[in-house]
Amino acid sequence: NDPCTILLGTGWRIPTYSEWNNADINGGWDNYTKTYKSVLKLHAAGYLYYDGGSLVSRGSNGSYWSSTQSIYTYGWNLFFNSVGSYVSYDNKANGFSLRCLRD
C-alpha cells in the first residue's frame, strides 16, 4: 500500500528508517536551507496536525515519513528545522510529507 508505488508505479517507494538516518548523518543538514539545497530538495512544508487537520510549522520545519513503523500508532520520520535535523518517530495520524525514491 505504498503511495509512491500506487501513484508513480513499480520501482518507486517511501524511504526506510535506515535510508533517512543515513541521509541525515551524511547530509550535513544543520538547518532547513541546507535540506532544500541538497540533491533531495527537501523543503520546510510543515505538516497537518492529526487533531483537527490544521497546518503546523509551514516554513519553519519539515517532517518526511519513512516506510518503517516504530510502534503500532507511530512511524519513523526525518525532521528538520532552522537549527538541525534528526530521525524521530511520531503519530502516524499526522500528515507529514513524502519523498518518493526510485530503486
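The values are calculated or read from the model by the stated rules, or taken from the named source; none is laboratory data. Here the structure is a predicted model, which means the values were calculated and not measured. Neighbour counts are summed over all protein chains in view; Cβ atoms, including those assigned to glycine, are modelled from backbone coordinates with ideal geometry. In case anyone asks, the SASA skips ligands and DNA or RNA and just uses the protein heavy atoms, side chains included. Shrake-Rupley method; radii C 1.70, N 1.55, O 1.52, S 1.80 Å.
Overview of values
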quantity: Which listed residue is touching a helix residue (DSSP H, G or I) at 6+ places or on another chain (Cβ under 7 Å) and farther than 28 Å from G9 by Cβ, from G53, G62, G28; calculated: G28
quantity: Failed item in (1) within 22 Å of C4 (Cβ to Cβ); (2) without any contact (Cβ under 8 Å) to a residue 24 or more places away in the chain, with C100 passing the rest; calculated: (2)
quantity: Scope the range 30-45; condition among the hydrophobic types (A, V, I, L, M, F, W, C) and either within 21 Å of G95 (Cα to Cα) or at pLDDT 95 or above (or both); matching residues; calculated: L40, L42, A44, A45
quantity: Top-ranked residue of the range 80-97 - restricted to ones that are out of contact with any Gly (no Cβ under 9 Å at 6 or more places or on another chain) and surrounded by fewer than 15 Cβ atoms within 10 Å (Cβ to Cβ), ranked as nearest to L48 (Cα to Cα); calculated: A93
quantity: Tabulated pairs, the range 1-17, first farther than 14 Å from W65 by Cβ and assigned to a loop (DSSP other than H, G, I, E, B), second open to solvent by 50 Å² or more (accessible area, probe 1.4 Å) and of a type in the set (D, E), C-beta under 7 angstrom, 6+ apart or interchain; calculated: G11/D103
quantity: Number of positions in the range 18-51 that are closer than 19 Å to R102 by Cβ and part of a loop (DSSP other than H, G, I, E, B); calculated: 5
quantity: The range 52-68, residues that are open to solvent by 50 Å² or more (accessible area, probe 1.4 Å) and without any contact (Cβ under 8 Å) to a residue 24 or more places away in the chain; calculated: G52, S54, L55, R58
